[in-house]
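The values are calculated or read from the model by the stated rules, or taken from the named source; none is laboratory data. None of the values given here were measured: they were computed from a predicted structure. Here the Cβ positions follow ideal geometry from the backbone for every residue, glycine too, while neighbour counts run over all protein chains shown. Protein only, heavy atoms only, side chains kept; ligands, DNA and RNA dropped before computing areas. Shrake-Rupley method; radii C 1.70, N 1.55, O 1.52, S 1.80 Å.
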Amino acid sequence: MRETAGLSPAGLRRAFVLTGLFRPGRVVLSHWETDRTVIGGACPTKAPLPLHVPAELRAKHFNDRRELGIINLGEPGRVTVDGKRFSLGHLDSLYVGRGAKRVSFTSKTARNPARFYLLSYPAHRSHPTRLVKRSELEPKVLGSSAEQNLRILHQAIIPGRVSTCQLVMGFTLVQPGSKWNTMPPHTHLRRSEVYCYFGFPRGGDVKHFHGHPSRIRTLHLGEGDVVLSPPWSVHSGEGSTHYGFVWGMGGENQDYSDMDPVDPKVIYRARRPRLTL
């Protein structure tokens with residue numbers, strides 16, 4: 001945490017921002033040492049894409065000791081797990097449990113490919129693979145237009161719906177006319193969190209507030225960009241327009257409401273242009 005405060009803008013982005021996950025015809029994976037998180041994107045075009053095993057995992061199969069959450073941010077596609085096919089439309093989700101041997105990704109059409117966002121954590125036991133359609137979810141309306149933070153929360157992979165070891169995952173849609181994605185800002189001291197931003201109208205972006213509450217930094221992020229939030233980091237964002245983001249967490253517990261609020265004034269102070277990276 002102390003070392004982070006002294007990072008240059010470029011150094012901070014190298015440490016906590018991932019870009020270029022959704023490359024046509026490729027599976028792109030990145031390993032983050034916090035909670036041994038793996039973040040990735042799969043964008044199949046003409047041919048199915050198998051899920052490979054990063055060297056950091058030292059495993060024969062990706063899911064030998066891990067669980068995996070998938071949300072489709074693109075057009076319709078299919079995920080095949082050990083020969084069983086799961087069709088995912090836009091914002092449908094899939095949980096893949098520990099022990100799966102073969103996972104692959106396919107788009108319905110190459111011209112309009114699926115964009116599968118991947119988030120994975122270590123798992124101590126096996127749970128069944130489970131498809132969660134967007135139509136199954138019970139959206140929760142949060143915030144208000146008057147405060148410019150009207151947003152709709154969708155909890156896809158959560159206790160009570162899908163059994164997991166660590167993973168909690170879903171997405172939030174910030175509504176037109178609003179821009180704030182998380183208010184009040186907060187930290188999660190017992191788990192880390194990962195945001196993947198998507199759904200910007202052309203040219204849109206977001207200022208994501210990152211860092212210890214005593215030293216907030218601002219990161220400019222766009223379509224498909226991912227930001228990594230350690231347990232000590234606040235997270236909140238202010239968009240130039242409406243947008244969506246996938247949130248996912250791993251760590252000591254799975255209680256969605258387990259958070260420590262931070263005074264919003266620290267975010268408002270960080271909006272000064274001189275802190276923008």
ask   = Where residues in the range 10-23 are open to solvent by 40 Å² or more (accessible area, probe 1.4 Å) and either of a type in the set (Val, Ile, Thr) or at pLDDT 95 or above (or both), which of them is farthest from PRO113 (Cα to Cα)?
value = THR19
key: Residue pairs meeting the criteria (Cβ under 6 Å; at least 6 apart or on separate chains; first within 16 Å of GLY69 (Cβ to Cβ) and modelled with pLDDT of 95 or more, in the range 140-166; second in a strand (DSSP E or B) and open to solvent by 50 Å² or more (accessible area, probe 1.4 Å))   = VAL162/ARG130
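Give the residue that is most open to solvent (accessible area, probe 1.4 Å), with candidates limited to residues of the range 89-133 that are basic (Lys, Arg) and farther than 22 Å from ALA47 by Cα. I'd like the intermediate steps shown before the answer.
Pass one, the range 89-133, residues basic (Lys, Arg): 98, 101-102, 108, 111, 115, 125, 130, 133.
Filter once more, keeping what is farther than 22 Å from ALA47 by Cα: 98, 125, 130, 133.
On the way: ARG98: 80, ARG125: 129, ARG130: 77, LYS133: 66 Å².
Among those residues, the one meeting the criterion is ARG125.
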key: Restricting the range 200-230 to residues that are free of Cβ contacts under 8 Å to residues at least 60 places away in the same chain and closer than 13 Å to PHE16 by Cα, the residue that is farthest from the chain's Cα centre (by Cα)   = THR218
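If you scan the range 94-140, which residues turn out to be touching a Lys or Arg at 6+ places or on another chain (Cβ under 6 Å), farther than 25 Å from ARG23 by Cβ and not in a loop (DSSP other than H, G, I, E, B)?
Of the residues in the range 94-140, the ones touching a Lys or Arg at 6+ places or on another chain (Cβ under 6 Å) are 95, 106, 110, 120, 122-123, 126.
Retained after the next criterion (residues that are farther than 25 Å from ARG23 by Cβ): 122-123, 126.
Listed by number, the list holds a single entry, PRO122.
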ask   = Among the residues of the range 198-216, is there at least one that is part of a loop (DSSP other than H, G, I, E, B), among the polar types (S, T, N, Q) and out of contact with any Phe, Trp or Tyr (no Cβ under 6 Å at 6 or more places or on another chain)?
value = yes
task = Collect the residues in the range 230-244 that are among the small types (Gly, Ala, Ser) and surrounded by fewer than 18 Cβ atoms within 10 Å (Cβ to Cβ), keeping them in residue-number order.
result = SER240
query = In the range 245-261, is there at least one residue being surrounded by fewer than 17 Cβ atoms within 10 Å (Cβ to Cβ), farther than 23 Å from PRO139 by Cα, out of contact with any strand residue (DSSP E or B) (no Cβ under 8 Å at 6 or more places or on another chain) and modelled with pLDDT under 95?
reply = no
query = Does the range 176-183 contain any residue that is under 14 Å from PHE245 (Cβ atoms), modelled with pLDDT of 95 or more and not in a loop (DSSP other than H, G, I, E, B)?
reply = no
inquiry  = What are the pairs with Cβ atoms under 7 angstrom where one residue, in the range 252-265, is under 18 Å from HIS212 (Cα atoms) and the other, located anywhere, is open to solvent by 70 Å² or more (accessible area, probe 1.4 Å) and of a type in the set (A, V, I, L, M)? Sequence gap at least six, or different chains.
reply    = ASP260/LEU189
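Pick out the one residue from ARG58, ARG36, ARG26 that is more than 23 Å from TYR195 (Cα to Cα), of a type in the set (D, E, K, R) and open to solvent by 60 Å² or more (accessible area, probe 1.4 Å). Step through it out loud before you land on a result.
Details: ARG36 fails: more than 23 Å from TYR195 (Cα to Cα); ARG26 fails: more than 23 Å from TYR195 (Cα to Cα).
From the options ARG58, ARG36, ARG26, the qualifying one is ARG58.
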query = Across the range 184-194, which residue is surrounded by the fewest Cβ atoms within 10 Å (Cβ to Cβ) among those that are part of a strand (DSSP E or B) and in contact (Cβ under 8 Å) with a residue 60 or more places away in the chain?
reply = HIS186
query = Only one of (1) open to solvent by 70 Å² or more (accessible area, probe 1.4 Å); (2) under 19 Å from the mean Cα position of the chain (by Cα); (3) aliphatic (A, V, I, L, M) fails for ALA146. Which number is that?
reply = (2)
